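The values are calculated or read from the model by the stated rules, or taken from the named source; none is laboratory data. Predicted, not measured: the structure shown is a model, and the values here were computed from it. Because the Cβ atoms are built from the backbone with ideal geometry, glycine has one as well, and the counts that use them run over all protein chains shown. What goes into the accessible areas is simple: the full protein's heavy atoms, side chains included, and nothing from ligands, DNA or RNA. Shrake-Rupley method; radii C 1.70, N 1.55, O 1.52, S 1.80 Å.
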Amino acid sequence: MNENSSRYKRVRGVDKFMTGVFYGIGGFFILLLIVLAAYIIVKGITSIYPGVFSFTSMGIGNQFFNTIYLVFLSLIISVPLGVAAGSYLAEYARKGRLTEMITMSIEALSSLPSIVVGLFGYLVFILMTGMKWNLLAGALAVTILSLPTITTTTRDALAALPSHYRSGSIGLGATRWQTLWHVLLPACVPRIITGVILVAGRGFGEAAALLYTSGQSTVLNWANWDITSPTCPLNVFRPGETLSLHIWVMRTEGSMNPHSVEIANVSSMVLIIMVLGFSLLARYLSRKLDEKNKGAAK
């Protein structure tokens, strides 16, 4: 009895110790993230000067719009393709060489350096098409980087669902497609949203892939809404420098701009706030959709 009691105390002691270690590691990384974000935000606030948010060469308004627009374009392309690919792998693909090859290709694609994707995008979307740097080429390059994450997230989310989701729906007479569209994918929305947040955050901060595809110049006329014009903000075939590229330019080639350091600091702050805001908004929408689906199920 005493031996069992001492063993129990020893096991409990080890459990408490390891729990404290893991809490400490988690707390350290959370603190590191908070300190880093706070440092960037404080540096950005102290670097604000009149006109920094304007849509001129002395402000970052055009780069801010380009960043939002490019990420929006990439999500329009990558989310449907990634969800469709993940759904195929989880629900339709039979185990075999073809499925293994597709999975291996997805894993290889996810490990590619962004600079390699940028060079590929420059070769295919710029040189082979005979076009100049443009936002659509940048969005396609970011899509290549995003597809593996969304595909894998969707596949894993569908695979993790209990079997009664499928059997219950099919037992009520639904087809496989109806089961996927009306039952399985709505149940996976929170996890799919997580993947979208990850790829959007990468899109906001991506620089290397965009260096060779979207370009480093932006000339916009906000009074011109002719979508075929090279100065129209909505023209996807115009060059578009994003905030991440603007930071790199200001810190490496911005000696001609008297506010280069301040612009880089403010741009970094805006990027951090953008990623945080997008994450919170996506989480809110995910929660609302999940509540709506649970309410409909009842």
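For the reader, a short list of remarks on this structure follows.
- Karplus 3J(HN,Hα) series, Hz, for segment 76-92 with 6.51 cos²θ - 1.76 cosθ + 1.60 (x for Gly, Pro): 4, 7, 6, 5, x, 5, x, 5, 5, 5, x, 5, 4, 5, 7, 10, 10
- Computed [θ] at 222 nm, deg cm²/dmol, the chain (DSSP H ≥ 4; -39,500 (n - 2.57); rounded to nearest 500): -23000 deg cm²/dmol
- Three-way shape call for segment 209-298 based on the alpha-carbon gyration tensor, with the a/c threshold at 1.5: oblate
- Cα gyration tensor shape for segment 62-102, rounded if a/c is under 1.5, else prolate or oblate: prolate
- Fraction of accessible area attributable to carbon and sulfur, segment 101-238 (%, probe 1.4 Å): 69 percent
- Scattering profile of segment 144-298 at q = 0.08, 0.17, 0.19 Å⁻¹ [log10 I(q)/I(0), Debye over alpha-carbon scatterers]: -0.39, -1.05, -1.17
- For the chain, accessible area per residue (1.4 Å probe, heavy atoms of protein chains only), Å²: 59 Å²
- Euclidean distance of C-alpha centroids, segment 202-239 and segment 1-71, integer Å: 31 Å
- Model label sites at PHE53 and ARG94, defined 7 Å from Cα along the beta-carbon direction, differ in position by 5.9 nm.
- Estimated D of the chain in µm² per second, where Rh is the Kirkwood radius over Cα pairs and Stokes-Einstein applies at 4 °C, 1.567 mPa s: 58 µm²/s
- Within the full protein context, the accessible area of VAL189 is estimated at about 30 Å² for a probe radius of 1.4 Å.
- Computed across segment 10-66, the Kirkwood radius stands at 14.9 Å (inverse of mean 1/r, all Cα pairs).
- Kirkwood hydrodynamic radius (C-alpha pairs) into Stokes-Einstein, segment 1-141, 37 °C and 0.692 mPa s, D in µm²/s: 154 µm²/s
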